[in-house]
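What follows is one structure encoded as structure tokens, with my remarks underneath.
The values are calculated or read from the model by the stated rules, or taken from the named source; none is laboratory data. Because the structure is a prediction, the values reported are computed rather than measured. Methodologically, a virtual Cβ is constructed for each residue, glycine included, from the backbone with ideal geometry; neighbour enumeration extends over all protein chains shown.
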Amino acid sequence: MRRRCAIGALLLLGACQHYTSAPLAVRAALAPAVRASGPLRVEDVVRVALADNADLRAARAKRGVAQAQLLQSGILPNPSLTGAFLPLISGVGEVPAWSAGLSQDIKSLVTYRSKRRGERDAVGRVAADMLWQEWQVAGQARQLAVDLIAIRRQQPIAAEALAILSARSAATDRALAAGDTTLIIVAPTRAARQAALTTLQGIDQRELQLRHQLCALLGLAPDAPIPLTGDAALPPFDPAAIRASLTSLPDRRPDLLALRLGYAAQDEALRQAILTQFPDLVLGASGTRDSGKVINFGPQATIGLPIFDRGQGNIAIARSTREQLRAEYAARLAATTGEVGAVLAEMEQLTRQLALAREGLPQARLAAQRAQAARQSSAIDEAAYVDLIATRYAKELDVMTLQLTLMDKQVALLTLAGAGLPQVDTLPMQDAAR
């Protein structure tokens with residue numbers, strides 16, 4: 001008997017969960033460099049961000065919590081066992097009395113299936129939210145990579161303008177010191193050089209900010225180098241196809257699908273609130289033996305009387321919450337459709353402006369080239385020369401800025417449409433939302 005009891009105790013202990021400690025990190029886990037063998041393309045940056053972003057790692061832990069809640073919803077409530085032993089103290093009795101009973105809460109079984117459906121919807125909602133957060137991180141990584149590539153292409157242009165104007169400013173300063181010119185003639189060159197220096201410094205500051213932001217997004221140390229290719233290649237972009245696909249956007253956007261799954265889960269919560277308005281019911285059986293050796297055994301029932309609380313408060317809260325989620329989904333759907341349309345219209349405007357800027361660029365380059373030749377032969381005055389040189393490089397940077405703005409809009413639209421990103425087909429449990 002002792003051996004059997006020991007074996008039974010070991011089996012019970014083996015079925016129990018055991019505690020293990022999980023200490024917090026003591027230092028930031030920032031990588032010193034990107035794990036790559038060469039310069040990164042834009043999509044390579046997206047891949048690294050999805051794999052190494054710290055916020056995504058933390059958010060993915062929510063899926064484990066949702067899975068645990070789904071597991072809990074599938075576990076039936078335990079039955080209750082009651083018992084009592086009453087030794088005989090005095091009186092005419094012959095033996096000690098005892099009682100024993102076994103009961104089960106029936107009301108919890110009524111809401112079992114609804115709870116399971118609600119938790120499945122909740123798991124799907126968490127997965128959809130996770131996918132939407134991945135879309136956001138991927139879109140941010142694309143934009144930072146595109147901006148960083150573009151700003152690095154602007155640096156040599158701004159540096160070239162500063163070099164030309166600095167050389168010219170040094171020459172005019174020497175002429176001024178020798179008394180061969182006046183301050184009125186030198187002043188425009190100095191102002192143009194200062195403007196070129198300010199432009200280059202602004203570009204350098206922006207490059208450093210973008211690099212720090214991208215390092216933070218990729219889980220890198222702030223001073224980590226980020227080698228990028230010189231071409232900001234993006235996934236294929238078709239504005240007409242995007243306009244045509246607006247009607248199917250609710251089936252492709254994870255945030256909209258998450259709202260639909262959340263609405264489905266709340267709908268089950270309302271169903272559960274309605275089901276729980278019925279009286280509490282506990283069924284079971286009990287047996288007793290009194291001190292006179294009389295044994296009784298039979299069914300037992302406990303019924304709650306819904307006199308004061310009939311669940312009307314919980315039903316009202318669940319119904320109002322469901323209506324709130326319904327309104328939130330309608331608002332998000334309208335905002336999403338309007339946002340895509342607005343970005344497309346802005347891109348059309350930027351495309352026209354970029355075309356006009358590009359038309360004037362060859363003339364500005366030619367004028368600056370002729371101005372340099374004319375200045376060598378003193379066929380042009382200092383102010384006109386500086387103005388033509390500054391205009392040429394200003395137009396170069398204007399074209400690059402418009403190109404960058406247009407690419408930023410394209411990145412935003414690709415993120416809204418999910419181009420080149422994981423699709424909602426990979427999500428589990430979408431039946432309720434569909």
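Note on segment 210-229: residues that are surrounded by 17 or more Cβ atoms within 10 Å (Cβ to Cβ) and touching a Lys or Arg at 6+ places or on another chain (Cβ under 7 Å) total 1. So for segment 92-106 (the condition being in a strand (DSSP E or B), farther than 23 Å from Leu281 by Cβ and out of contact with any helix residue (DSSP H, G or I) (no Cβ under 6 Å at 6 or more places or on another chain)), does at least one residue qualify? Looking for residues that are in a strand (DSSP E or B), farther than 23 Å from Leu281 by Cβ and out of contact with any helix residue (DSSP H, G or I) (no Cβ under 6 Å at 6 or more places or on another chain), one finds at least one in segment 92-106, hence yes. Within segment 68-89, residues that are polar (S, T, N, Q) sit with their Cβ atoms under 6 Å from residues that are surrounded by 11 or more Cβ atoms within 10 Å (Cβ to Cβ) and not in a strand (DSSP E or B), at 6+ positions apart or across chains, in these pairs: Gln69/Glu119; Ser73/Lys115; Ser73/Arg116; Ser73/Glu119. Restricting Gln154, Gln205 to those that are among the polar types (S, T, N, Q), touching a residue at least 40 places away in the same chain (Cβ under 8 Å) and closer than 30 Å to Pro225 by Cβ reduces the list to Gln154. Filtering segment 350-394 to residues that are surrounded by 15 or more Cβ atoms within 10 Å (Cβ to Cβ) and outside any helix (DSSP H, G or I) leaves only Ile380. Thr181 meets the stated requirement of being over 26 Å from Ser37 (Cα atoms), of a type in the set (Ser, Thr, Tyr) and not in a helix (DSSP H, G or I).
Test Ala345 against the criterion of being under 30 Å from Asp238 (Cβ atoms) and of a type outside the set (Asp, Glu), and give yes or no. Reasoning before the result, please.
Numbers: under 30 Å from Asp238 (Cβ atoms): yes; of a type outside the set (Asp, Glu): yes.
In short, yes.
Here's a check for you: in segment 59-75, which residue that is assigned to a helix (DSSP H, G or I) and aliphatic (A, V, I, L, M) is nearest to Gln133 (Cα to Cα)? Reasoning before the result, please.
Looking only at segment 59-75, we keep the residues that are assigned to a helix (DSSP H, G or I), and these are 59-73.
Restricting the remaining residues to those that are aliphatic (A, V, I, L, M) gives 59, 61, 65-66, 68, 70-71.
Working: Ala59: 8, Ala61: 13, Val65: 17, Ala66: 16, Ala68: 21, Leu70: 22, Leu71: 25 Å.
Once the filter is applied, the top-ranked residue is Ala59.
Could you check how many residues of segment 283-294 are over 24 Å from Ile106 (Cα atoms) and modelled with pLDDT of 90 or more? Explain how you work it out, then say what you get.
In the first step, residues of segment 283-294 are kept if they are over 24 Å from Ile106 (Cα atoms); the result is 289-294.
Right, trim to modelled with pLDDT of 90 or more and you get none.
Total satisfying the criteria: 0.
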